[in-house]
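The values are calculated or read from the model by the stated rules, or taken from the named source; none is laboratory data. The model shown is predicted, which means the values in this text are computed figures rather than measured ones. Positions of Cβ are backbone-derived with ideal geometry, glycine not excepted, and every protein chain shown enters the neighbour counts.
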Amino acid sequence: MNIPHIPVLSDEVLQVFEDIEDGVIIDCTLGYGGHSSLLLSHKPNIKIIGIDQDQSAIDFSTRRLKEFGDRISIKKGRFSNVIKDIMQNIDILSIRGILADIGVSSLQLDQKQRGFSFESDNLDMRMDNSAELSAFDVVNRYSLWQLEQVLYKYAEMKNYKQVASFIVNNRPFVSAKELSDKTKHLLRSGKKIHPATLLMQAIRIEVNQELTELGSLLDEIGMMKLKNTRVAIISFHSLEDRIVKQTFHRWRQKCICPPEALRCTCKANHKKGNIITKKPIMASESEVRQNARSRSAKLRVFEFEQ
């Protein structure tokens, strides 16, 4: 098959799960099957449950992973919702790993009709094509205040008010190309990054509610009574990485009393496990040379106690 997506940190993901020889690994962001294919090939006794909301990705991965038979099952939907259903139909103790690659796939970026690319002739950016909210709605129908909040929270722009005002005063915008071209004089970035990167990223996060989804996924995982399970999260945005880092630190705390409490009243027995990665794992120089999109990837790992 012509594989349209290069999974980031492939070797590092295999290392994370290297001593897991059986049981189930949940791939919360199946995409085009890159990580799942590697894990199934290297671990002949594991099974994988893959989740994705993009039907085109599901169709591709169904064909790609067919050779693994009943060792792979695929479910459609937002991972924070689907993982609840999985928990109701599986032995919790059989779950040995959970993997999530929180990012847009190369194919989604490269398919101009999906509206993720700076050169796209439309404004879409929906990971799930059946979702109601699109980038067109955010750009052309949000109020000035709503747009300001999107750019402030998700792009952390210093001139977010100026950019939001420019968009409101010059809309409608019908394509990602038009939006990125007309706003680039207001935007700043490094030499290797397109000026509109943060703007487009912020709109995409809003369209797909990516930070809310990530937080909900981690909340669901935290409520499970997992034992001897490794959780690996790959993020591409500083806000995503912050959510993962803070959640992992919370999971390892024995005491969950509020900071202002004079003494512990929670019995200090709330520790769920240990952080495996003191600092995030990042792509090697050789990987970045081969796949520039890996340069911002950060992998953090947590292990639930036995």
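What pairs can you find where one residue is in the stretch 167-182 and modelled with pLDDT of 95 or more, the other is β-branched (V, I, T) and part of a helix (DSSP H, G or I), and their Cβ atoms are less than 6 Å apart, with a gap of 6+ or different chains?
As it stands, the answer is F173/V139, since those pairs meet every condition given.
Only one of these is more than 18 Å from the chain's Cα centre (by Cα), buried (at least 19 other Cβ atoms within 10 Å of the Cβ) and of a type in the set (D, E): E132, E148, E119, E156. Name it. Let's see the steps before the verdict.
Working: E132 fails: buried (at least 19 other Cβ atoms within 10 Å of the Cβ); E119 fails: buried (at least 19 other Cβ atoms within 10 Å of the Cβ); E156 fails: buried (at least 19 other Cβ atoms within 10 Å of the Cβ).
Sole residue among the options that is more than 18 Å from the chain's Cα centre (by Cα), buried (at least 19 other Cβ atoms within 10 Å of the Cβ) and of a type in the set (D, E): E148.
Looking at K271, K279, K254, can you tell me which residue is touching a residue at least 24 places away in the same chain (Cβ under 8 Å) and assigned to a loop (DSSP other than H, G, I, E, B)?
Answer to the check: K271.
Per-residue answers, yes or no, for (1) modelled with pLDDT of 95 or more; (2) closer than 30 Å to L198 by Cα; (3) surrounded by 11 or more Cβ atoms within 10 Å (Cβ to Cβ):
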position: R252; (1), (2), (3): no, no, yes
position: C257; (1), (2), (3): no, no, yes
position: N269; (1), (2), (3): no, no, no
position: N274; (1), (2), (3): yes, no, yes
position: M282; (1), (2), (3): yes, yes, yes
position: E285; (1), (2), (3): no, yes, no
position: A292; (1), (2), (3): no, yes, yes
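Which of the residues that make up the stretch 72-82 are touching a Lys or Arg at 6+ places or on another chain (Cβ under 9 Å) and either buried (at least 16 other Cβ atoms within 10 Å of the Cβ) or farther than 23 Å from R230 by Cα (or both)?
I72, V82
Kindly evaluate E213 against the criterion of being closer than 26 Å to G23 by Cα, within 23 Å of the chain's Cα centre (by Cα) and either assigned to a strand (DSSP E or B) or not small (G, A, S) (or both).
In short, yes.
Looking at R242, R230, R263, R295, which one is more than 30 Å from D19 (Cα to Cα) and basic (K, R)? Show your work before the answer.
On the way: R242 fails: more than 30 Å from D19 (Cα to Cα); R230 fails: more than 30 Å from D19 (Cα to Cα); R295 fails: more than 30 Å from D19 (Cα to Cα).
Going through R242, R230, R263, R295 in turn, the sole match is R263.
Conditions tested, residue by residue: (1) surrounded by 15 or more Cβ atoms within 10 Å (Cβ to Cβ); (2) part of a loop (DSSP other than H, G, I, E, B); (3) within 15 Å of the chain's Cα centre (by Cα).
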{"position": "E12", "(1), (2), (3)": "yes, no, no"}
{"position": "Q15", "(1), (2), (3)": "no, no, no"}
{"position": "E21", "(1), (2), (3)": "no, yes, no"}
{"position": "Y32", "(1), (2), (3)": "yes, yes, yes"}
{"position": "S41", "(1), (2), (3)": "no, no, no"}
{"position": "I48", "(1), (2), (3)": "yes, no, no"}
{"position": "F60", "(1), (2), (3)": "yes, no, no"}
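With (1) under 28 Å from N291 (Cα atoms); (2) at pLDDT 90 or above; (3) of a type in the set (A, V, I, L, M) as the list, and L198 as the residue in question, which single condition is left unmet?
(2)
Can you tell me which residue is surrounded by the fewest Cβ atoms within 10 Å (Cβ to Cβ) among those in the stretch 83-116 that are modelled with pLDDT of 90 or more and acidic (D, E)?
Filtering the stretch 83-116 for residues that are modelled with pLDDT of 90 or more and acidic (D, E), the one surrounded by the fewest Cβ atoms within 10 Å (Cβ to Cβ) comes out as D91.
May I ask you to list the residues in the stretch 143-166 that are free of Cβ contacts under 8 Å to residues at least 24 places away in the same chain and among the aromatic types (F, W, Y)?
W145, Y152, Y160, F166 - these are the residues of the stretch 143-166 that are free of Cβ contacts under 8 Å to residues at least 24 places away in the same chain and among the aromatic types (F, W, Y).
Every residue in the stretch 41-82 that is of a type in the set (A, V, I, L, M), modelled with pLDDT of 90 or more and touching a Leu at 6+ places or on another chain (Cβ under 8 Å), please.
Those that are of a type in the set (A, V, I, L, M), modelled with pLDDT of 90 or more and touching a Leu at 6+ places or on another chain (Cβ under 8 Å): I46, I48, I51, I58, L65, I72, I74.
Just give me the residues in the stretch 200-242 being in contact with a strand residue (DSSP E or B) (Cβ under 8 Å, 6 or more places away or on another chain), closer than 22 Å to M125 by Cβ and surrounded by fewer than 20 Cβ atoms within 10 Å (Cβ to Cβ), in sequence order.
F236
Being within 21 Å of H237 (Cα to Cα) and either assigned by TED's automatic domain parsing to the domain that holds E178 or outside any helix (DSSP H, G or I) (or both) is true for just one of S73, S130, S117, S80. Which residue is that?
Just a single option satisfies the conditions, and that option is S117.
I'd like the full set of residues that are touching a helix residue (DSSP H, G or I) at 6+ places or on another chain (Cβ under 9 Å), farther than 21 Å from I234 by Cα and charged (D, E, K, R), limited to the stretch 32-65.
Hit for the stretch 32-65 is R64, nothing else.
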